[in-house]
1. Arranged from highest to lowest average of other beta-carbon atoms within 10 Å per residue, in what order do the peptides 299-306, 31-38 appear?
2. Under 1.5 on a/c is rounded, so check that first for the range 64-118, then, if it is not, pick prolate when a/b is larger than b/c and oblate when it is not; a ≥ b ≥ c are the square roots of the alpha carbon gyration tensor eigenvalues.
3. Which order, highest average first, do 91-100, 145-154, 355-364, 108-117 follow once you tally other Cβ atoms within 10 Å for each residue and take the mean per peptide?
4. Dividing the alpha-carbon radius of gyration of the range 241-385 by 2.2 N^0.38 Å (N being the number of residues), what value is obtained?
5. Using just the alpha carbons, could you tell me how many Å³ per residue the convex hull of the range 236-322 encloses?
6. Pop a pseudo-label 7 angstrom from the Cα along the beta-carbon direction at both residue 3 and residue 267 and give the gap in nm to one decimal.
7. Eigenvalues of the Cα gyration tensor times 5, then square-rooted: what semi-axes does that give for the range 134-258, in whole angstrom, largest first?
8. Hey, how many Å between the Cα centroid of the range 211-244 and the Cα centroid of the range 2-38?
Ligand code: KIV
Ligand code: ZN
């Protein structure tokens, strides 16, 4: 099975979400959990962006031993040197340096010609390699860049020592077929591409970040980038827990291995949600509160007969310990009876029918039937038994 490295950027791109501001202690707690989750690389922050980020990256580099720790830098000597000070204590110092390559970014943001952009990227990677054994170079806005220009600039940064080349879909514009084709084209046209790691980095503006990431893997990406719960700039980044579970559940189809410790997913997701204050939508794949809640009578009946009728992911796989069938107005008698038994109530068929009628009336007037509601209902029937 082909090994895919997981580059987690929850603490850098994730923290760039509007409204998130983590302190150093919170970042350290998340970094420790990301190490347990099995991230190959943890992007701990952007050291040159603020003293707080510098301190957090330095402390994370000092404590995390089982994941490589990296930091982001602009293609500037001062950013690279500041990052070295923050990361020099890491087990395996790694730097992530980026520069935009799309016509719109080069013309309006950088105000540089394509040839000047190549020179700046080459100088930055050369300078970074004086300090760091591992240097990732990102072509910001790669998916809107000219593919031939990408080949030219990537050939040059590889020649001066870049060890990973990242191809971001910075504004979430690509489609899976298009993004996959770009990876195929780079694999076929960049000299020495097989001697470096090729990485995918997707944003979710059109809701295609996970699909785009998987298309990149199918077309030669060795590393994928994303965040826990998909947090990040604007609509966020590719959700790592979704990718890890999709590749695991469909390994029959894909045949890729990520090395992610799947039972750590739920804990990691909850920690990130609690500390960032970003709620997880209830129907979110894998980690949403309803991801394992089967409400309709037909589904619940099927689940009680054989869980595989409607369950392709078990809650246990991701470390979810309790996931009882949700009871609501669509629930059937079978699930209702099962819940009564699991709560320790033994009701005659007649009492069960009466309780079920009461339950249906209550469910019509209330969105969610709580454990307390059920307790009152069952107790009432048992007392009259
Ligand atoms: O989305 C992006 O282009 C980035 C780069 C800094 C890699 O986050
Ligand atoms: Zn990004």
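Here, each number is a calculation from the coordinates, and none is a lab measurement. Predicted model only: the values in this text are computed from it and were never measured. Cβ: placed from backbone, ideal geometry, glycine included. Neighbour counts: every protein chain shown.
1. 31-38, 299-306
2. Cα axes put the range 64-118 in the prolate bin.
3. Highest to lowest by the protection proxy: 91-100, 145-154, 355-364, 108-117.
4. In units of the 2.2 N^0.38 Å rule of thumb, it is 1.24.
5. 112 Å³
6. Between residue 3 and residue 267, the simple spin-label model gives 2.4 nm.
7. Working from the Cα gyration tensor, I get semi-axes of 23, 16, 13 Å.
8. So the separation of the two Cα centres works out to 14 Å.
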